Amino acid sequence: MDFRSELVGCFSVGSNGNPSVEMVEAAFRHHDMNFRYINCEVTPENLGSAVAGAKAMGWVGFNCSIPHKIEVIKYLDGLGESAKIIGAVNCTVLRDGKFIGENTDGKGFLTSLQAVTNPLGKSIVIFGAGGAARAVAVEVALAGAKSIVIVNRDPTRGEELVALINSRTKSQATFRQWAGMFEIPQGIDIVVNATSIGMNPNSSAHLELDINSLQPNMIVADVVIDPPITHLIKAAQVRGCTALNGFGMLVNQGILGIKYWTGIDVDPEPMHERLRQLL
Ligand code: NDP
């Protein structure tokens with residue numbers, strides 16, 4: 001008998017609305033793993049103590065969500081390669097007694113995208129320049145995307161992301177300020193909503209996007225998880241595009257986190273199933 005479980009979890013504000021605990025524990029149960037995922041409400045002023053506490057209690061790692069993905073870096077012992085470029089951490093892993101920050105958001109997105117296409121040589125439009133957009137843009141760029149158009153309301157954040165992609169990857173990025181209805185330019189292969197538009201409780205919100213500019217050969221992805229079927233996903237389906245909702249990204253970043261923490265490749269299906277039951 002072993003009465004002590006290995007511990008991982010998540011630190012965020014608004015943790016009540018985060019379904020990751022159910023998704024990850026579904027994988028632990030399915031594989032009969034003696035691990036627990038603890039979903040914690042941690043305010044910014046307590047983040048340093050929470051990280052020190054996790055280390056003191058022997059946690060093997062933890063996720064960070066809003067608003068800690070950037071601030072957590074100062075409490076960690078080092079960063080993985082893409083977390084360094086992205087400048088944000090959503091998954092911390094204990095390695096040789098050190099907490100190392102990784103970013104699995106973009107890698108999770110990439111894995112779900114790779115199930116339908118290889119981004120190598122593709123032209124991509126990404127709406128947003130926040131944490132999710134930075135992670136997605138850096139990973140698709142590192143995976144060989146030819147060109148990336150960043151469309152964002154705030155030009156400073158948008159230009160910053162474009163400069164990051166152009167200086168740290170081989171992709172060519174350009175910025176388009178999002179003011180009014182946006183038309184997807186000719187020659188685009190993949191369209192990604194990496195903003196929070198359409199997320200509950202504002203699920204009726206629409207992207208200012210001319211739906212008629214979506215072509216059937218395009219892949220349209222939305223990072224929003226709740227609801228999984230956003231207006232954009234519905235519009236993409238109506239236009240005959242291949243549509244990817246936010247579950248794939250969420251499940252794949254969960255699988256990567258579990259692999260980092262436990263060394264085990266888990267089956268995605270029980271995780272998808274638990275999310276479908278809940279959302
Ligand atoms: P941030 O707050 O870092 O960024 C939000 C982005 O959305 C910014 O680019 C912001 O533009 C834009 N935005 C928000 N509201 C509007 C609006 N009304 N009009 C135009 N632009 C708007 O959030 P995150 O990047 O962390 O999260 C974004 C989404 O990604 C959330 O829905 C989150 O749940 C989801 N997510 C999903 C994951 C998954 O696994 N599926 C993983 C991580 C996140 P501006 O810069 O102009 O303010």
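The values are calculated or read from the model by the stated rules, or taken from the named source; none is laboratory data. Keep in mind the model is a prediction, meaning the values are calculated, not measured. When we count neighbours, we look across all protein chains shown, and the Cβ atoms used for this are built from the backbone with ideal geometry, even at glycine. These accessible areas exclude ligands, DNA and RNA; they are computed on the full protein's heavy atoms, side chains included. Shrake-Rupley method; radii C 1.70, N 1.55, O 1.52, S 1.80 Å.
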Region 158-201, residues that are over 18 Å from Ile86 (Cβ atoms), within 13 Å of the ligand (Cβ to nearest atom) and of a type in the set (A, V, I, L, M): Ala179, Met181, Ile197, Met199
For region 269-279, which positions are within 13 Å of the ligand (Cβ to nearest atom), modelled with pLDDT of 95 or more and open to solvent by 20 Å² or more (accessible area, probe 1.4 Å)? His272
Please go through (1) surrounded by 18 or more Cβ atoms within 10 Å (Cβ to Cβ); (2) closer than 30 Å to Pro201 by Cβ; (3) within 16 Å of the ligand (Cβ to nearest atom); (4) aliphatic (A, V, I, L, M) for Val13 and return the number of the only condition it doesn't satisfy. (1)
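A quick yes/no check of all residues on (1) buried (at least 21 other Cβ atoms within 10 Å of the Cβ); (2) at pLDDT 95 or above:
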site: Asp210; (1), (2): no, yes
site: Asn217; (1), (2): no, yes
site: Asp226; (1), (2): no, no
site: Thr230; (1), (2): yes, yes
site: Ala236; (1), (2): yes, yes
site: Ala243; (1), (2): yes, yes
site: Ile258; (1), (2): yes, yes
Within region 163-185, restricting attention to residues that are in a loop (DSSP other than H, G, I, E, B) and among the hydrophobic types (A, V, I, L, M, F, W, C), which residue is surrounded by the fewest Cβ atoms within 10 Å (Cβ to Cβ)? Ala179
Given the structure, is Asp222 of a type outside the set (Val, Ile, Thr), in contact with a helix residue (DSSP H, G or I) (Cβ under 8 Å, 6 or more places away or on another chain) and crowded, with 16+ Cβ neighbours inside 10 Å? yes
May I ask you to verify whether Ile188 is open to solvent by less than 20 Å² (accessible area, probe 1.4 Å), in the same structural domain as Ala115 (by TED's automatic domain parsing) and under 24 Å from Ala235 (Cα atoms)? yes
